[in-house]
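One structure below.
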Amino acid sequence: MNKKLRLYNTLTRKKEGFKEINDMKVGLYTCGPTVYNFAHIGNLRTYIFEDVLRRVLEYNGYKVNHVMNITDVGHLTSDADEGEDKMEKGAAREKKSVWDIAKEYEETFFNDLEELNIEMPHAKPKATDHITDQMELIQKLEEKGFTYKTSDGIYFDTSKLKDYGKLAKLDIAGLEEGARVEKNPEKKNVTDFALWKFSPKDSKREMEWDSPWGTGFPGWHLECSAMSTKFLGQPFDIHAGGVDHVPVHHTNEIAQSEAAADKAMANYWLHGEFLIMDKAKMAKSKGEFVTLDVLKEKGFHPLTYRYFCLGAHYRKKLNFSWRALEGAENALKKLYAAIYDYDDPTEVDTTYKEKFVAHINNDLDMPGVLALMWELVKSDMESSKKLATLYEFDKVLGLSIRDEFEKDEEEKAEIPDTIITLAEQRQMARDEKEWNAADDLRIQIEKKGYSIEDTKDGWDLKKK
Ligand code: AMP
Ligand code: ZN
């Protein structure tokens, strides 16, 4: 038992002392991406929060077994198991096979994680590789009387589970009342959800499987129940995801797993709040979203986005704006500039380390860590000790402080790729005679601390 680490558990709505199931080991399951499009920076905020969680557990000495699923099938556009299949829609948009887009977007997703210094999960099971496990889970639920059949699939009867909706503290009666008009008439309760959907009779799906119930595909909550148990056992320690998963996805994962095995699914449930842009939650389905590539094209270093996210507590909404991102970039640059002048690291300052541990163990208080970090940088401690202490903080911050310090003079003077990208875009704008766009790009380059001169072969960039 670690009496010091306290985490906010959505199940109890309280900060609780963390107690692992197996001595100094933690099973951690985080819901992964649906690979039909790029991850947007809202999604990435959630993965950064989960990375901080994992690093804090590791900092406390736990051996973490981290599993993240890849949803590559059967994820419909609405939470109510209706609408189009996101994967098939993505494939049609790009005129590729579902399997191809899944592979491509999985790759870009893990590249994004790497650029954000997010530690890789130990297992990344794909839904399509675990269809049999999912069918076995349905069979178990069927044997225990939790399922019924409708014309379009096999459903979970939520009224059979006495504490259905406990995670979200759902008001089931209120939901029934409000949903009368739109409720699928074949569903017994408004909260019932599909375990298996039948393929449409008049068309062939790219992804479908034969099953004891008919050809079709699994419901989207099923993979997490099946794969978390397979990889981590039941119960396991911590399940995390974005806050939107509380009322439906995680509620239904809990229903399936607990109905099947008569025991808790996971002991701690942690949820990260949303990234907000223009007063609305950023969402993939709306089609207007900012990706990490967009940030890079605008000349931002990926770690600027990590720094930006660390500035807000994970349970608070975070407003995204370009100006706020510029603020994060300036701060990160200031940090790097400060450490360039430091002496080689010696020993870690114990007072600062204690304060650091108190912050991270207080439900991952990263804004507190950033404030402490600046207090340290501004203090009159010898620089060698400051650096050693910053290396310690960076085990959780993940801002590449050591890599920056160890860069040689030549590397430090190198023009970053992000600035070169801006220069290339400016050149393109000039070639197209888009003078205003070219001017804007020059201003962006100058704001980032570089000057650009045109030469007969192209351009010359210099650090100001
Ligand atoms: P998805 O690929 O849509 O299943 O989402 C992947 C993860 O991102 C999930 O854990 C979501 O809860 C989370 N998420 C989705 N939108 C946002 C947002 N605007 N801000 C933060 N997290 C989000
Ligand atoms: Zn999940």
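Just to be sure, is ILE443 among the β-branched types (Val, Ile, Thr) and open to solvent by 20 Å² or more (accessible area, probe 1.4 Å)? The answer is yes for ILE443. Among what's in the stretch 238-263 and is among the acidic types (Asp, Glu) and more than 10 Å from ligand 2 (Cβ to nearest atom), pick the residue that is most open to solvent (accessible area, probe 1.4 Å). Taking the candidates together, the pick is ASP262. When the stretch 275-296 is filtered for residues that are assigned to a helix (DSSP H, G or I) and either among the basic types (Lys, Arg) or at pLDDT 70 or above (or both), the ones remaining, listed by number, are LYS284, LYS286, LEU292, ASP293, VAL294, LEU295, LYS296.
Screening LYS263, LYS230, LYS316, LYS298 for residues that are basic (Lys, Arg) and touching a helix residue (DSSP H, G or I) at 6+ places or on another chain (Cβ under 6 Å) leaves exactly one candidate, LYS230. Only one entry in PHE231, PHE217, PHE198 is out of contact with any Lys or Arg (no Cβ under 9 Å at 6 or more places or on another chain), modelled with pLDDT under 95 and of a type in the set (Phe, Trp, Tyr), namely PHE198. The residue of the stretch 20-32 that is surrounded by the most Cβ atoms within 10 Å (Cβ to Cβ), among those that are away from ligand 2 (no atom under 16 Å from the Cβ), part of a loop (DSSP other than H, G, I, E, B) and touching a residue at least 60 places away in the same chain (Cβ under 8 Å), is GLU20. When GLU453 is tested against (1) in contact (Cβ under 8 Å) with a residue 60 or more places away in the chain; (2) of a type outside the set (Ser, Thr, Tyr); (3) open to solvent by 20 Å² or more (accessible area, probe 1.4 Å), just one condition goes unmet, and that condition is (1). For the stretch 192-210, taking the residues that are surrounded by fewer than 24 Cβ atoms within 10 Å (Cβ to Cβ) and of a type in the set (Gly, Ala, Ser), the one that is nearest to LYS149 (Cα to Cα) is identified as SER199. Kindly establish whether ASP344 is surrounded by fewer than 17 Cβ atoms within 10 Å (Cβ to Cβ) and at pLDDT 95 or above. In short, yes.
The values are calculated or read from the model by the stated rules, or taken from the named source; none is laboratory data. The structure presented is a predicted model; accordingly, all values stated were derived computationally and were not measured. All Cβ positions, glycine included, derive from the backbone under ideal geometry; neighbour counts span all protein chains shown. Side chains are part of the model used for accessible areas, which takes the heavy atoms of the whole protein and leaves out ligands, DNA and RNA. Shrake-Rupley method; radii C 1.70, N 1.55, O 1.52, S 1.80 Å.
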